[in-house]
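Right, one structure below, let's go through it.
The values are calculated or read from the model by the stated rules, or taken from the named source; none is laboratory data. These numbers come from a predicted model, not from an experiment. Here the Cβ positions follow ideal geometry from the backbone for every residue, glycine too, while neighbour counts run over all protein chains shown. Just so you know, the surface numbers come from the protein's heavy atoms only, side chains and all, with ligands and any DNA or RNA stripped out. Shrake-Rupley method; radii C 1.70, N 1.55, O 1.52, S 1.80 Å.
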Amino acid sequence: MLESTKSITLTGKSTVNGQVIANFTANIFDDDAGNDTFNTFITNKELYDTNKKVVRKDTQDFQNLVYNAQDEIADSADKTADKTNE
């Protein structure tokens, strides 16, 4: 019998003047697959220190994308459960 899981991987980066300051990654899994992860990697500490507000806004924007993906997975799981129960 086939068993499958649904996951979404998101990546992003925070840049100022073409310079990458931070990278973001997230993995969102359906309920049975595992725990979601969200990571931020500062790639340029000096630029980060002088542009914290920009990076923090980008971090929040990326977190909102993660929330949307989590909702998408949850909605998909709910629809699958409804079809299974029919």
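In the set (1) at pLDDT 85 or above; (2) out of contact with any strand residue (DSSP E or B) (no Cβ under 9 Å at 6 or more places or on another chain); (3) surrounded by 11 or more Cβ atoms within 10 Å (Cβ to Cβ); (4) not basic (Lys, Arg), the condition left unmet by PHE38 is number (2).
Beta carbons closer than 6 Å, at least 6 apart along the sequence or on distinct chains, pair a first residue in segment 62-86 that is closer than 14 Å to PHE38 by Cβ and of a type outside the set (Ser, Thr, Tyr) with a second that is at pLDDT 90 or above and open to solvent by 50 Å² or more (accessible area, probe 1.4 Å) for VAL66/PHE38. In the set (1) outside any loop (DSSP other than H, G, I, E, B); (2) surrounded by fewer than 16 Cβ atoms within 10 Å (Cβ to Cβ), GLU3 fails one condition alone, (1). The set of residues in segment 6-35 that are modelled with pLDDT of 95 or more, in contact with a helix residue (DSSP H, G or I) (Cβ under 7 Å, 6 or more places away or on another chain) and exposed (fewer than 13 other Cβ atoms within 10 Å of the Cβ) contains only GLN19. Taken over segment 41-54, the criterion of being open to solvent by less than 90 Å² (accessible area, probe 1.4 Å) and assigned to a strand (DSSP E or B) is satisfied by ILE42 alone.
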